[in-house]
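One structure is given below, encoded as C-alpha cells.
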Amino acid sequence: MEVVLELKDADDWIYRGEGAANLVLAYSGSSPTFVGKVLRIQKAPRIESPRNGYDSEDSHSALTNDECLLWRETEDLVSAPTREIAEQLYVQHVISPLLGYDHVDAGNRVFLSKEFLKAVEKNILSQRPSQRVDAAMVNAQCDFALLMSDHSVFPYGNLKGKFCISVEIKVLSLDHVVPKCGFLPVSRFISEENDIKKSITRFEMHQSIKLHQREISEISEYNPLDLFSGSKDRMHKAIKALFVTPQNNFRVFLNGSLILGGLGGGADSTSCMIGEAFENVLNGVIQADVGQRTSNFLHLVTEAISGSGLLDQLLEVQKLDNIDIEGAIHAYYNLVCQPCIACRDLGGEKLSARYANLHSMSSDESLKIVRDYLIAATAKDLSLMISFRTREDRDVESPYNGVFLDSTNQRFEYKESFIDLDMKPLKKMELYYERDQQIVNCYSQM
C-alpha cells in the first residue's frame, strides 16, 4: 500500500538535524507505521546563497552517461528513473554488502504532498541553524522522502520503561569536501610538494585553517587515527576529545532527544555549564556518584566500539582509496575522456615520471579506481550511531551485543548503525582534487 504524508501529518514530525543535502525529522505521533522512524527529506539550495557544500546541479536527475558506465555492474542502480532512487539503491546494493546489512538501513520511500512539505518547512524554521536556513530550504519539487529507522532508539521504543542513550560520531567527515580519514595516505602519486599529507591528518590541517579563519574558537584534540588505531587507550582518548570539542562530530541523545551537541551546525566546545548539565542527565543511566558519570559513560562508548570491531570493517572500505585523489584524478579524466587538468598543472617532466602509466591504463582499470575512490568517499562521510540500554540477566535471548561496565557493575546491550551513506556524484572528483590542493597549500603556508 502506497504511503502518502499529507498536511494533517506535518505536526507529528519534529526537527532532528540536517546535513548539507538533507533534513532529518523524527516521528512524535502514535501511528505504528512511523513509531521509531525518521524521515530524510531532501533540501534545495537557495539561489542567492552559497551552496555550503551542497551540489545542486544534476542532483535530482538520473545518472549521467559516465555514471551509468561507472556503476554498470549494478543494473538496478543504472536503470533508476531518478537520482534519489539511484541513491537508495546504491546504499542497498553497493554499501550494505561492504558494511554489513545489519548495520545499514537503505530506507523505504514514502510520498509527500506539497502541503506537507510547506507545513514542515514552516514548523521547523525556528529550530534550524541560521547558516543552514540561509543556504538551503526544503526541496518542494521532490515528492518523496526516505523513511528510515530512528537509530537513536531501539526498535519498538523503550520497552519495560528502559532508557535508550545513543551517541552519534561523525568519525569521517567530508566537512566541506575535506576528508577526515582514518588512515594516512602512502600513495606514490602524492607529489613531493604535498608529502605533508603522509604525516599530518587532514582533520588536523583543517582544524588549523578553521582556527586561522576564526570558524572555530579552539582546535580539537580529536585524531581520527586514534579512533581507528585498535588500541583501547587511544580510542578512549579520541572519544574524550570528541566530547570536549564536539563541533559537528559528536552528539548524544536520550530516548531520542538531543542532550549534547548541535542540531545542524554543531557545538564548538563543551563548556563547564554544559558538562554539568550532561552529568545530571546521566543520573539513572550511569550508576555512579556525581562527577563520575560522564567519565564512565565515555568508557562505555569506548568499550562498545573497541569490542565490536566495526571500525576495522569501516577502515577496509575507506582503504579502497589506495592511490589518493592525486592518483585517482587521472583515472577520472580517462573515464570522462577529457584533457587531464591535473597533468596540465603539473608540467611535462613530472607528468612523464610519475603519472604517464595512469593514462595508459585500460578503461576497466580506470573505472575500478574511480569507483573504489567514490565508495571510499562515502565511507569517509558517514556517521556511526551507537545506542545503549540496560540488559537484565533474564534478557538472555537479546539479539544485541552486550558490554559490561566494570566501574559501575552495569550490563548494557547496544546496537550500531551507519547513517548518511550518500552516493557521491562522479563530477565531484574535480572538486575533491581542487580542495585537496587548496587545503594542503593553505596549511603549508601557515
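Computed values, structure above
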{"quantity": "Some residue of the stretch 343-351 being open to solvent by less than 40 Å² (accessible area, probe 1.4 Å), within 23 Å of residue 380 (Cβ to Cβ) and either assigned to a helix (DSSP H, G or I) or in contact with a Pro (Cβ under 6 Å, 6 or more places away or on another chain) (or both)", "calculated": "no"}
{"quantity": "Residues within the stretch 361-400 that are farther than 27 Å from residue 248 by Cβ and open to solvent by 10 Å² or more (accessible area, probe 1.4 Å), tallied", "calculated": "19"}
{"quantity": "The stretch 1-26 residues that are without any contact (Cβ under 8 Å) to a residue 24 or more places away in the chain, paired with ones that are aliphatic (A, V, I, L, M) and surrounded by fewer than 13 Cβ atoms within 10 Å (Cβ to Cβ) (beta carbon under 7 Å, 6 or more apart)", "calculated": "none"}
{"quantity": "Criterion violated by residue 287 - all others in (1) polar (S, T, N, Q); (2) in contact (Cβ under 8 Å) with a residue 40 or more places away in the chain; (3) farther than 24 Å from residue 99 by Cβ; (4) open to solvent by less than 30 Å² (accessible area, probe 1.4 Å) satisfied", "calculated": "(4)"}
{"quantity": "From the options 216, 209, residue that is touching a residue at least 40 places away in the same chain (Cβ under 8 Å), assigned to a helix (DSSP H, G or I) and over 18 Å from the mean Cα position of the chain (by Cα)", "calculated": "209"}
{"quantity": "Enumeration of residues in the stretch 401-438 that are under 27 Å from residue 16 (Cα atoms), among the acidic types (Asp, Glu) and either open to solvent by 20 Å² or more (accessible area, probe 1.4 Å) or more than 23 Å from the chain's Cα centre (by Cα) (or both)", "calculated": "413, 420, 422"}
{"quantity": "Some residue of the stretch 297-308 being modelled with pLDDT under 95, part of a loop (DSSP other than H, G, I, E, B) and either closer than 23 Å to residue 197 by Cα or open to solvent by less than 60 Å² (accessible area, probe 1.4 Å) (or both)", "calculated": "no"}
{"quantity": "Within the stretch 64-117, tally of residues that are part of a helix (DSSP H, G or I) and in contact (Cβ under 8 Å) with a residue 40 or more places away in the chain", "calculated": "18"}
{"quantity": "Contacts under 6 angstrom Cβ, first residue in the stretch 366-392 being more than 16 Å from residue 66 (Cβ to Cβ) and of a type in the set (S, T, N, Q), partner assigned to a loop (DSSP other than H, G, I, E, B) and open to solvent by less than 30 Å² (accessible area, probe 1.4 Å), 6 or more apart", "calculated": "378/421; 387/164"}
{"quantity": "Filter result (touching a helix residue (DSSP H, G or I) at 6+ places or on another chain (Cβ under 6 Å) and of a type in the set (Asp, Glu)) within the stretch 218-277", "calculated": "221, 226"}
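The values are calculated or read from the model by the stated rules, or taken from the named source; none is laboratory data. What you see is a predicted model; the values in this text were computed from it and never measured. When we count neighbours, we look across all protein chains shown, and the Cβ atoms used for this are built from the backbone with ideal geometry, even at glycine. Accessible surface is based on the protein model in full, side chains and every heavy atom, while ligands, DNA and RNA are left aside. Shrake-Rupley method; radii C 1.70, N 1.55, O 1.52, S 1.80 Å.
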